[in-house]
Structure formats: structure tokens, C-alpha cells
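Working notes, beginning with the structure itself.
The values are calculated or read from the model by the stated rules, or taken from the named source; none is laboratory data. This is a predicted model, so every value here is computed, not measured. Cβ sites come from the backbone with ideal geometry, for glycine too, and all protein chains shown count toward neighbours.
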Amino acid sequence: MKEIIKLSELKNHLFDGMSIMVGGFMAVGTPELLVDEIVRLNIKDLTIICNDAGFIDKGVGKLIVNNQVKKLIASHIGLNPVAGKLMGEGTMECDLIPQGTLAEQIRAGGAGLGGFLTPTGLGTIVEEGKQIINIDNKNFILELPLRADLALLYGTTVDKYGNTNYTKTTRNFNPVMATATDIVIVQARTMVDSIDPDNVMTPHIFVDYIIKEDNNG
């Protein structure tokens, strides 16, 4: 069985300056309880890797508003005006990456690959500072893999072994992030004894800890 921890134990896996991948898409599929706990603990100088900057009052946006994020690696920030303001002021470093490229960088990190080639972003600021490789008279950008210290994920259904299932929009980034970090903690909406193997999207081997939504002590 996988270790089920209380929300209050999350602090044992956090430290200032760490990098954290957070699953979800516009805060849907984001482990809100875990994000709220990081806000409460006021962990600083974080590098956050996620799809977007969330909203001012939802998702990773709460970390940004609370000035806990040193660097944001994401695909867009338009739903959070504070993120745009901090980026413009130079207060928060922000790497904006095409969404498919970001997902593939994380996948490459989880698969142990050295990188991958993509034409996405050629002729734009996306290619600045990156190596361009020509294959069969076609140019490609060499994109490097992404990994992090910790992944905070949101599982729709999680069994006692750590096998995890996601539904609908909660599948955005959660499954791929589970493979690309040193520690994976899943916020479980529903806990069950076992999940049909055909419905497992993140196998238990990738999950280190589970925090149940009703286990907040």
C-alpha cells in the first residue's frame, strides 16, 4: 500500500527555492488543497512549472499573488493580470513555452531523453538562444527536457496502492508530470481499494504519497 499522509505533513517535502510541477488547466485539475497549504506555509523563491498562471484567487495564481514564485514556466498567463504585471516589472522571471512543446519537454524529462526537435516557434522569439538543427533541409528547434523536485497532482480516483485515474480536463498535464519529478504527491478526490488496470493512467510506481481531500489534519 502507498503511504497516505495528512495535509499538515506536506511541509516535510517543501523547501525554499525548490521547483514544483503543478497539474491542471486553468486551475481545473489543480490540487487546490496542496497549493493552499504552500500559500499558508509561505514557501519562497519557487520555480513553478504548469500550464498557466491560474487566476488571482485560484490555482497557482495564489502563489504568484503572494510573491512566492521566483520563476514561472508556463504556456500562458493571460487569466492572471498579477502574473503579467510581475513579468513586466521583472519581479518574476517567466518562460512562456508553446503548450505542446511544454508537455513534450516534461514527457522527455520523464522518459530520460536528452531533448527533442520541433519546428514550433521557428522565426519567433521562441527560438532565441536555442540550437537550430537542420535535417533534410528542414530546420528544427532543439528543446531540452524539464524535470522538477516535486509534482503536485490531482487524481480523480486513487486506489490504496497509488494507482491514479483522471477524468476530463483533470488529465491535462497531471499524467505526464507524474513521471518527471523526484517526488510525486497526489491529492485524491476519491479513494478506493483498487482501480481496474485498464483505467489506470498513472501507475502506482510513480506515486510517492497520497493526500485525501477529507484528511486535512
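Could you check, for the stretch 51-72, whether at least one of its residues is buried (at least 17 other Cβ atoms within 10 Å of the Cβ), part of a helix (DSSP H, G or I) and in contact with a Lys or Arg (Cβ under 9 Å, 6 or more places away or on another chain)?
No, the stretch 51-72 contains no residue that is buried (at least 17 other Cβ atoms within 10 Å of the Cβ), part of a helix (DSSP H, G or I) and in contact with a Lys or Arg (Cβ under 9 Å, 6 or more places away or on another chain).
Tell me, which residue of the stretch 96-126 that is in a strand (DSSP E or B) and either modelled with pLDDT of 95 or more or more than 21 Å from the chain's Cα centre (by Cα) (or both) is surrounded by the fewest Cβ atoms within 10 Å (Cβ to Cβ)? Full working, then the answer.
So the first thing to find is which residues in the stretch 96-126 are in a strand (DSSP E or B), and the list is 96, 116-118.
Imposing the further condition that a residue be either modelled with pLDDT of 95 or more or more than 21 Å from the chain's Cα centre (by Cα) (or both) reduces the set to 116-118.
On the way: Phe116: 17, Leu117: 14, Thr118: 17.
Applying the filter and picking the extreme gives Leu117.
Give me the residue from the stretch 149-167 that is touching a residue at least 60 places away in the same chain (Cβ under 8 Å) and not in a loop (DSSP other than H, G, I, E, B) and, out of that set, farthest from Val184 (Cα to Cα).
So the residue we want is Tyr154.
In the stretch 9-20, what count of residues is obtained for those that are in contact (Cβ under 8 Å) with a residue 60 or more places away in the chain, outside any loop (DSSP other than H, G, I, E, B) and either in contact with an Asp or Glu (Cβ under 8 Å, 6 or more places away or on another chain) or hydrophobic (A, V, I, L, M, F, W, C) (or both)?
3
Could you please find all residues in the stretch 127-159 being of a type in the set (A, V, I, L, M) and crowded, with 17+ Cβ neighbours inside 10 Å? Please lay out each step first, then the result.
Taking the stretch 127-159 and keeping what is of a type in the set (A, V, I, L, M), we get 132-133, 135, 141-142, 144, 146, 148, 150-153, 158.
Ile141, Leu146, Ala148, Leu150, Ala151, Leu152, Leu153, Val158, listed by residue number.
Could you identify the single residue in Gly84, Gly88 that is assigned to a helix (DSSP H, G or I), over 17 Å from the mean Cα position of the chain (by Cα), surrounded by 13 or more Cβ atoms within 10 Å (Cβ to Cβ) and not charged (D, E, K, R)? Reasoning before the result, please.
Numbers: Gly88 fails: surrounded by 13 or more Cβ atoms within 10 Å (Cβ to Cβ).
The unique qualifying residue is Gly84.
So Leu146 clears everything in (1) in contact with a helix residue (DSSP H, G or I) (Cβ under 8 Å, 6 or more places away or on another chain); (2) closer than 20 Å to Thr30 by Cβ; (3) assigned to a strand (DSSP E or B) except one condition, right? Which one?
Condition not satisfied by Leu146: (3).
Given the options Val184, Val176, name the one that is part of a helix (DSSP H, G or I), touching a residue at least 24 places away in the same chain (Cβ under 8 Å) and in contact with a helix residue (DSSP H, G or I) (Cβ under 8 Å, 6 or more places away or on another chain).
Val176
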